[in-house]
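K.L.:
First, the structure itself, so that you have it in front of you.
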Ligand code: NGQ
Ligand code: ZN
């Protein structure tokens, strides 16, 4: 049974000195005492849990940077970005998706993400016809995660309508669509593949895309399959959708959802951006996770989440890289705090009297909320958790003169050099000395695919 030792390891209540970690069949056992060091291999000065990434659309990695030019006469917005994204999505097939996702997952691992929640809706051929194997696109993601060695929470996504008014899917949305039965068949099919590194949940694309009756039927069916299955939804990202929801359902999106579904700890509400004060308190009380994607939300011009009020109400949260214009938990957490500083003109907004460090507050929330949204026991160096950990690079000049109390703040707020040196997922080393074991091959295949897609092939 491999045994490791860290001078300091991030335990559920912060850094503890002299921690021994034993790894037994992908799970870990942590002890703190110098005496327990024994024959354990010393990892380094600072070890932290692997970070869950609670929101990803893998294919969008390959279009990062292609939507930053002003379009013709239009005023650029989320909705014009979405057209660029749809045009790109229409060209991606299963082999392309596998190559793009594997490259993305290598980047995630190197940045410190060890589990990714794939909110996956690119199901069928571009004209809407299912592939010969209707699960082909989902399986491409499963294969990509396996090649890279990252943990995957696969969230096949239900997408049925093009708006709150129930209009049919547009031509470009056709490949996303399912009826309820076809969707549940896909979920059942994927569930048999579950393993310590593959968890299957579901996503409802948005209230725009799932009619009320379908929402009810699907939630009942998945409750029968597995009472703890993660359920994710895009909820209130854009003012336009909040206004449509108010106009057609006479309620704000979060308010409507809380009134019509039993939202609890299984749920992750992605982009819970636009909340009234009452919704903020109600959402926090459900125990559900607010899925925040600060770099994408900034990139798309979404708005700012009411972080302080939500934390005061005891709400759970985690972060995701979503459209992958950035692949770094550091940048997500930093911008979560910076957005608040810019709008409030204060500093250390997420910190509190109980936990005065901004970085430690953000890290603790993102680990716990991310793990909860993943539906896997991880995000903590504690007994029985999956053995996912990061070793920080104690040779980095950035950590010079930093005691344990300032390490997390330095990691999150001091520059752009990646401090993650080694990464373990489920007891296996996937990154050592900053290199992923298969990064050269995976990057070469990615290059070929993206160059062909760019040529329109
Ligand atoms: C998505 N992405 O499904 O990829 C969405 C945009 C939509 C973000 N919301 C499409 N960031 O919401 O209709
Ligand atoms: Zn999304």
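Readers should treat all values here as calculations from the given coordinates under stated rules, not as data from a laboratory. Predicted, not measured: the structure shown is a model, and the values here were computed from it. Every residue, glycine as well, gets a Cβ built from its backbone with ideal geometry; the counts of neighbours run over all protein chains shown.
K.L.:
Out of all DSSP beta bridges with both ends in segment 288-441, state the antiparallel percent to the nearest 5. Mind showing how you got there, number by number?
P.N.:
Details: 9 of 13 bridges.
The antiparallel fraction comes to roughly 70 percent.
K.L.:
Enter the Cα centre distance for the pair segment 7-35 and segment 266-299, rounded to the nearest angstrom.
P.N.:
32 Å
K.L.:
For segment 380-457, what value does the Rg/Rh ratio take when both radii are computed over Cα atoms and Rh is the Kirkwood radius, given to two decimals?
P.N.:
Details: Rg = 17.3 Å, Rh = 15.3 Å.
Computed over Cα atoms, the ratio is 1.13.
K.L.:
As I understand it, the value is the acute angle between the Cα axis of helix 136-148 and the longest principal axis of the Cα atoms of the chain; what does it come to in degrees, rounded to 10?
P.N.:
For 136-148 against the chain, the angle is about 10 degrees.
K.L.:
If you don't mind, another one. What would the Debye formula give as log10 I(q)/I(0) at q = 0.10 Å⁻¹ for the alpha-carbon point model of segment 114-253, no solvent?
P.N.:
Taking Cα atoms of segment 114-253 as identical point scatterers yields -0.34.
K.L.:
Suppose we keep just the alpha-carbon trace of segment 269-320; what are its Rg and Dmax in angstrom?
P.N.:
Cα only, segment 269-320: 10.3, 29 Å (Rg, Dmax).
K.L.:
Just from its helices, what would the mean residue ellipticity at 222 nm be for the chain, if runs of 4 or more DSSP H residues each count -39500 (n - 2.57) and the sum is divided by every residue, rounded to the nearest 500 deg cm²/dmol?
P.N.:
Computed ellipticity for the chain at 222 nm equals -11500 deg cm²/dmol.
K.L.:
What Kirkwood hydrodynamic radius do you get for segment 175-231 when you take the inverse of the mean 1/r over all pairs of distinct Cα atoms, in Å? List each step's numbers first, then the result.
P.N.:
On the way: mean 1/r = 0.0831 Å⁻¹.
The Cα-based Kirkwood calculation yields 12.0 Å.
K.L.:
Would you give the gap between the C-alpha center of segment 404-427 and the C-alpha center of segment 186-226, rounded to a whole Å?
P.N.:
Value for the Cα centre distance between the two parts: 34 Å.
K.L.:
Could you rank the peptides 125-137, 373-385, 255-267 by their average count of other C-beta atoms within 10 Å per residue, with the highest value first? Working shown, then result.
P.N.:
Values: 125-137: 14.8, 373-385: 21.8, 255-267: 17.7.
Most protected by this proxy first, the peptides run 373-385, 255-267, 125-137.
K.L.:
Once both axes come from the Cα atoms, what is the angle between helix 358-374 and the longest principal axis of the chain, in degrees from 0 to 90, rounded to 10?
P.N.:
Value to nearest ten degrees: 60.
K.L.:
If you don't mind, another one. Between segment 101-123 and segment 355-384, what is the separation of their alpha carbon centroids in Å?
P.N.:
Taking the Cα centre of each part, segment 101-123 and segment 355-384 sit 18 Å apart.
K.L.:
How long are the semi-axes of the equivalent ellipsoid of segment 126-190, taking √(5λ) for every eigenvalue λ of the Cα gyration tensor, in whole Å from largest down?
P.N.:
Semi-axes (√(5λ), whole Å): 25, 12, 12.
K.L.:
Please determine, in degrees from 0 to 90 and to the nearest 10, the orientation of helix 239-249 with respect to the longest principal axis defined by the Cα atoms of the chain, where the helix direction is its Cα long axis.
P.N.:
Helix 239-249 sits at roughly 50 degrees to that axis.
K.L.:
Starting from the Cα gyration tensor of the chain, multiply each eigenvalue by 5, take the square root, and state the resulting semi-axes largest first in whole Å.
P.N.:
34, 25, 22
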